[in-house]
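Before any comments, here is the structure.
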């Protein structure tokens, strides 16, 4: 701690001198030299990742049925350019912490923290062949790493809310909003004791995750690898539950990846929102042995600013036990935590939060959070296409993703694209409107050739007349 404070003071005092050295590494830490190159640090531009979690975890006294933790993190710059780390500006990383549980083949987000605002970069060598010291705490050098202790990441004063940060661009205001707070658990990684105590809803496997977000990393297009995870342990009883770490850090892999690691039947789908961030969908279908199948979906928003406001799964068979799970916001974050209501209309099962125009603080799946959707169906699984409705205004308004889901009976008349009951000119207009290469779900591709084109118009002409 004292080393960082002393270096920070020296770095700020010498900022005018150091600025003249931008882009000129002055030293290598360890055995590497510029001539050696950094064979394992090859990203273009600055690229910050979570290289490791410190073995020591800060455990705080619980309050009101809530435990609070903080996890130490060591970041690494695996890019070929220095990473800005300037305190008291918007040119530094923020650090998010999360906790997840895998139990009975359900992977759920059970806790999140406010954001640590980083303020000074040490120049150590954890991830790469060597560290080219930037010569200043205002930038993390090429191949260099910077440790933050658990107590530092858990510091309440100076922590900022997540809602101010665009995790896709890395842009956020500074200083962060700072509503009044009190007590041990405020702003820290909060988890309900009921999710830890096996006598309640707890038990299972636990994972912690950290994610760095910063502007120059995002500007270089390197924002999708900023989250890493590690397995965790929970011990204790009553009002005291201790978090520990086990295993090794899974670098550049958000915690949702742990579900498929545990069960290879889990289907993972990465959805890159055009002009925005990455959404990860994990899905599992389980045969219950009584004529029913259990369908579990976990939707993780890694860094999409537009966020997810609705989720729909095609389903035309019998449906039961529809469920939803989200993670709690806390400490003054403005999001409305109302659960998403579900609708099963015989064609799909869908969930949606309040729309953005009605409530900009509605309970969308915002960056760094994971929500769950589940139900039982009598239909066995098949490849299907789910629909993610985007919360904030923009184009597109929704995106499609291929995953597993209940098999759906094919339409009696696939050529009736406008659902008018007749195959005719209206269906040709639908085809013309979708003309071009076919995406993940493309009912207009009647010829199944990967394109919506003249062959599909011929298919409509061949079925012309009342739909049978």
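The values are calculated or read from the model by the stated rules, or taken from the named source; none is laboratory data. Predicted, not measured: the structure shown is a model, and the values here were computed from it. Backbone-built Cβ (ideal geometry, glycine too); neighbour counts: all protein chains shown.
Tell me which residues, restricted to segment 324-376, are touching a helix residue (DSSP H, G or I) at 6+ places or on another chain (Cβ under 9 Å) and in a loop (DSSP other than H, G, I, E, B).
Of everything in segment 324-376, those that are touching a helix residue (DSSP H, G or I) at 6+ places or on another chain (Cβ under 9 Å) and in a loop (DSSP other than H, G, I, E, B) turn out to be 329, 333, 334, 335, 361, 366, 367, 368.
Kindly establish whether residue 61 is outside any loop (DSSP other than H, G, I, E, B) and out of contact with any strand residue (DSSP E or B) (no Cβ under 7 Å at 6 or more places or on another chain).
Yes; evaluated as a whole, the condition is true for this residue.
Could you list, in sequence order, the residues of segment 195-208 that are in contact with a strand residue (DSSP E or B) (Cβ under 8 Å, 6 or more places away or on another chain) and closer than 17 Å to residue 325 by Cβ?
Matches in segment 195-208: 195, 196, 202, 203, 204, 205, 206, 207.
Only one of 91, 180 is assigned by TED's automatic domain parsing to the domain that holds residue 226 and either assigned to a strand (DSSP E or B) or farther than 18 Å from residue 226 by Cα (or both). Can you tell me which?
180
Of the residues that make up segment 196-212, is at least one within 19 Å of the chain's Cα centre (by Cα) and farther than 30 Å from residue 272 by Cβ?
Looking for residues that are within 19 Å of the chain's Cα centre (by Cα) and farther than 30 Å from residue 272 by Cβ, one finds none in segment 196-212, hence no.
Quick one: is residue 417 surrounded by 20 or more Cβ atoms within 10 Å (Cβ to Cβ), in a loop (DSSP other than H, G, I, E, B) and either in contact (Cβ under 8 Å) with a residue 60 or more places away in the chain or not assigned by TED's automatic domain parsing to the domain that holds residue 328 (or both)?
Against the criterion (surrounded by 20 or more Cβ atoms within 10 Å (Cβ to Cβ), in a loop (DSSP other than H, G, I, E, B) and either in contact (Cβ under 8 Å) with a residue 60 or more places away in the chain or not assigned by TED's automatic domain parsing to the domain that holds residue 328 (or both)), residue 417 qualifies.
What's the number of the condition residue 339 fails, among (1) within 30 Å of residue 179 (Cα to Cα); (2) over 20 Å from the mean Cα position of the chain (by Cα); (3) without any contact (Cβ under 8 Å) to a residue 40 or more places away in the chain?
(2)
Could you list, in sequence order, the residues of segment 31-42 that are surrounded by 13 or more Cβ atoms within 10 Å (Cβ to Cβ) and either at pLDDT 95 or above or over 22 Å from residue 213 (Cα atoms) (or both)?
Those that are surrounded by 13 or more Cβ atoms within 10 Å (Cβ to Cβ) and either at pLDDT 95 or above or over 22 Å from residue 213 (Cα atoms) (or both): 32, 37, 38.
Suppose the filter is part of a loop (DSSP other than H, G, I, E, B) and in contact with a strand residue (DSSP E or B) (Cβ under 9 Å, 6 or more places away or on another chain); does residue 298 pass it?
No: the conditions fail for residue 298.
Quick one: which residue in 407, 402, 377 is at pLDDT 90 or above, within 29 Å of residue 301 (Cα to Cα) and buried (at least 20 other Cβ atoms within 10 Å of the Cβ)?
377
Which of (1) over 21 Å from residue 60 (Cα atoms); (2) under 19 Å from the mean Cα position of the chain (by Cα); (3) outside any loop (DSSP other than H, G, I, E, B) is the odd one out, the single condition residue 190 does not satisfy?
(1)
When you look at residue 132, is it out of contact with any helix residue (DSSP H, G or I) (no Cβ under 6 Å at 6 or more places or on another chain), assigned to a strand (DSSP E or B) and over 24 Å from residue 370 (Cβ atoms), yes or no?
It is true that residue 132 is out of contact with any helix residue (DSSP H, G or I) (no Cβ under 6 Å at 6 or more places or on another chain), assigned to a strand (DSSP E or B) and over 24 Å from residue 370 (Cβ atoms).
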